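Asks: My questions all concern the structure below.
The values are calculated or read from the model by the stated rules, or taken from the named source; none is laboratory data. It should be emphasised that the depicted structure is a prediction, and the values quoted were computed from it without experimental measurement. When we count neighbours, we look across all protein chains shown, and the Cβ atoms used for this are built from the backbone with ideal geometry, even at glycine. Keep in mind that these areas ignore ligands, DNA and RNA; they rest on the heavy atoms of the full protein, side chains included. Shrake-Rupley method; radii C 1.70, N 1.55, O 1.52, S 1.80 Å.
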Amino acid sequence: YGCIGLGSCVAACPFEAIKVNDGVAFVDYDLCRACGMCVSACPQNLIELVPFDSRYWVSCRSKDRGPVVRSHCQVGCIGCSLCVKACPNDAITLVDNVAHIDYSLCTNCGACAAKCPRKIILGGFGPDGKPGNAARGEAAQ
């Protein structure tokens, strides 16, 4: 369920906002216009449009169950539901064994990220007000 580095998203982006580095796609937020062309082009269905002002996002797209994820990935979602239980706004659900944030309900409180034992719910902004964690670039705008 990871990026296979084919560059389909790069070719689809009319704004040249996506680059592939070391086999992983990264988004340049200054160039991205959230048109969704990359979402449609991704052969692995990894890219999700995330509202730009969202502070948290899920960095895993594996649909495997916990034991399989544990055996193949040190940072994959294991579907433990701790984030779901921690969210005071019911903004997180498990979909196909992976956490999913409903951004219309999320208040950016960070309870989900604090509770995630695998640290796959990432967040934060840099001093320039842009997403500060490079991992966000692999799957979201």
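Asks: Between (i) 20.2; (ii) 17.7; (iii) 15.4, which entry matches Kirkwood radius over Cα pairs in Å as derived from the coordinates of this structure?
Replies: Recomputing Kirkwood radius over Cα pairs in Å here picks out (iii).
Asks: Mind listing the long-range amide H neighbours of I92? Cut-off is under 5 Å, sequence gap 5 or more, other chains count too, H placed in the peptide plane at 1.01 Å from N.
Replies: Correct list: D102.
Asks: Calculate, for the chain, the solvent-accessible area per residue in square angstrom, rolling a 1.4 angstrom probe over the heavy atoms of the protein chains.
Replies: Heavy-atom accessible area per residue stands at 55 Å².
Asks: Just the number, please: carbon plus sulfur as a percent of the accessible area of the chain, 1.4 Å probe, no ligands or DNA/RNA counted.
Replies: Carbon plus sulfur share of accessible area: 53 percent.
Asks: Every cysteine in the chain with no other Cys Cβ under 4.7 Å from its Cβ, please list them in numeric order.
Replies: Cys with no partner Cβ under 4.7 Å: C3, C13, C32, C35, C42, C73, C80, C87, C106, C109, C116.
Asks: What's the magnitude of the charge dipole for the chain around its Cα centre, counting Lys and Arg as +1 and Asp and Glu as -1 at the beta-carbon? Answer in Debye, nearest 20.
Replies: My answer is approximately 500 debye.
Asks: Same structure, new question: Leaving out ligands, DNA and RNA but keeping every protein chain, what accessible area does E48 have, in Å² rounded to the nearest 10, with a 1.4 Å probe?
Replies: Surface open to solvent at E48 totals about 40 Å².
Asks: For the range 24-129, state which trypsin sites (Lys or Arg not before Pro) are in a DSSP loop and have at most 14 other beta carbons lying within 10 Å of their beta carbon.
Replies: Answer by residue number: R33, R65, K119.
Asks: Any idea which of A34, Q44, V20 is furthest toward the positive side of the dipole for the range 1-66, if Lys and Arg beta-carbons carry +1 and Asp and Glu beta-carbons -1?
Replies: Most positive-ward Cα: Q44.
Asks: When only C-alpha pairs under 8 Å and at least 6 residues apart count, what is the relative contact order of the range 1-101, in percent?
Replies: In percent, rounded to a whole number, it is 20.
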